[in-house]
Ligand code: FPP
C-alpha cells in the first residue's frame with residue numbers, strides 16, 4: 001500500500017464463521033473460536049505493518065449471551081487466555097489494548113485482567129501507540145446509543161435549553177467509542193451481509209466489505225486485499241465529488 005492517504009485510519013471487523021469452519025472439519029464450534037484467535041494475531045500484525053492506526057474487532061455481542069453456556073464460557077476463557085498470553089508481545093509492538101462494551105456483565109476476574117492489560121499497554125503520556133487494538137465485548141450498537149442517551153438526559157436533567165442545544169459531537173462523546181474515530185472500513189467475514197447491531201451510530205459513513213472467507217481462514221493476505229479494495233472506493237459522505 002504506497003498511497004498513505006488511501007489507508008483507512010480505522011478498520012473494524014465482524015469476525016464471523018468460526019462455527020461453520022469447525023463443522024466443516026467435523027469439530028465442535030469452539031474449535032473454530034480457538035483458531036479464530038490466530039486470525040486476530042495475523043490481523044493485528046497486518047494492520048500495524050500497513051499503517052492502520054485503529055483495529056477494532058467484534059468479539060462478543062450482547063446477543064451472544066444467549067448462546068449455550070459452554071460456548072459462552074469457552075469464549076470468555078479464550079479472551080482470558082489471550083490476554084495472559086499476548087499482552088507482553090502487544091506492549092513490545094507498541095499496540096494499545098482496549099475493551100469496550102457493557103462490561104457490567106463480565107466476570108470480575110476477567111474484568112480485572114482486562115483493566116490490567118489496558119493499563120499495561122497504555123503508552124506513556126504524550127506518546128501515541130503504533131496501533132490501538134479495540135475489542136468489542138458484550139457490545140451492541142443499540143445498547144451503546146441508549147446508554148449515551150441516558151447520560152445526555154442525566155447531564156441536562158435540570159437544563160432543558162442545554163439539552164435542546166446538544167449536538168452530534170456531544171452525543172458521540174457519550175458513546176463508549178468516545179475519542180476513537182469512526183471506522184473507515186467495516187469487514188464482515190463468512191459471506192453474511194448484515195451489520196448485526198454493531199457500531200450503528202459510528203458506521204454512518206463506513207465503507208462495508210463482505211467477504212466469503214470464514215474468520216479462521218482470514219489472515220494477513222486477506223487483510224491486505226481488503227485494504228486494496230478500500231483504496232478503490234470513492235467516499236463522498238453524501239456530497240458530490
Ligand atoms: C463468530 O463466529 C465469532 C464469534 C462469536 C467469536 C469471535 C471470537 C474469537 C475469534 C476469539 C476470541 C477473540 C479475541 C479477541 C481473543 P460464529 O460462531 O458466529 O460462526 P458461525 O456463524 O459459523 O456459527
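Mind checking which residues of region 187-202 are within 13 Å of the chain's Cα centre (by Cα) and more than 15 Å from the ligand (Cβ to nearest atom)?
Listed by number, the residues that qualify are 199, 200, 202.
What single numbered condition from (1) outside any helix (DSSP H, G or I); (2) over 22 Å from residue 33 (Cβ atoms) fails to hold for residue 104?
For residue 104, the failing item is (1).
Confirm whether residue 121 is closer than 27 Å to residue 65 by Cα and surrounded by 14 or more Cβ atoms within 10 Å (Cβ to Cβ).
Against the criterion (closer than 27 Å to residue 65 by Cα and surrounded by 14 or more Cβ atoms within 10 Å (Cβ to Cβ)), residue 121 does not qualify.
Spot the failing condition for residue 83; the list is (1) within 14 Å of the ligand (Cβ to nearest atom); (2) closer than 20 Å to residue 139 by Cβ; (3) modelled with pLDDT under 95; (4) surrounded by fewer than 20 Cβ atoms within 10 Å (Cβ to Cβ), and only one is missed.
(4)
Residue 30: part of a helix (DSSP H, G or I), within 12 Å of the ligand (Cβ to nearest atom) and buried (at least 22 other Cβ atoms within 10 Å of the Cβ), yes or no?
no
Inspect region 2-11 for any residue being touching a helix residue (DSSP H, G or I) at 6+ places or on another chain (Cβ under 9 Å) and within 11 Å of the ligand (Cβ to nearest atom) and give the result as yes or no.
Within region 2-11, not a single residue is touching a helix residue (DSSP H, G or I) at 6+ places or on another chain (Cβ under 9 Å) and within 11 Å of the ligand (Cβ to nearest atom).
Whether any residue in region 12-22 is more than 8 Å from the ligand (Cβ to nearest atom), in contact with a strand residue (DSSP E or B) (Cβ under 7 Å, 6 or more places away or on another chain) and in a loop (DSSP other than H, G, I, E, B) is what I want to check.
no
Can you tell me which of (1) part of a helix (DSSP H, G or I); (2) in contact with a helix residue (DSSP H, G or I) (Cβ under 6 Å, 6 or more places away or on another chain); (3) modelled with pLDDT of 95 or more is the one residue 38 doesn't meet?
(2)
Yes or no: region 43-64 includes at least one residue that is within 12 Å of the ligand (Cβ to nearest atom), in a helix (DSSP H, G or I), in contact with a helix residue (DSSP H, G or I) (Cβ under 8 Å, 6 or more places away or on another chain) and farther than 30 Å from residue 3 by Cα.
Within region 43-64, one or more residues are within 12 Å of the ligand (Cβ to nearest atom), in a helix (DSSP H, G or I), in contact with a helix residue (DSSP H, G or I) (Cβ under 8 Å, 6 or more places away or on another chain) and farther than 30 Å from residue 3 by Cα.
Consider residue 26 against the criteria (1) touching a helix residue (DSSP H, G or I) at 6+ places or on another chain (Cβ under 9 Å); (2) at positive phi: it satisfies all of them except one. Which criterion is unmet?
Every listed condition holds for residue 26 apart from (1).
The values are calculated or read from the model by the stated rules, or taken from the named source; none is laboratory data. Keep in mind the model is a prediction, meaning the values are calculated, not measured. Heads up, the Cβs are rebuilt from the backbone with ideal geometry, glycines too, and the neighbour counts pull from every protein chain shown.
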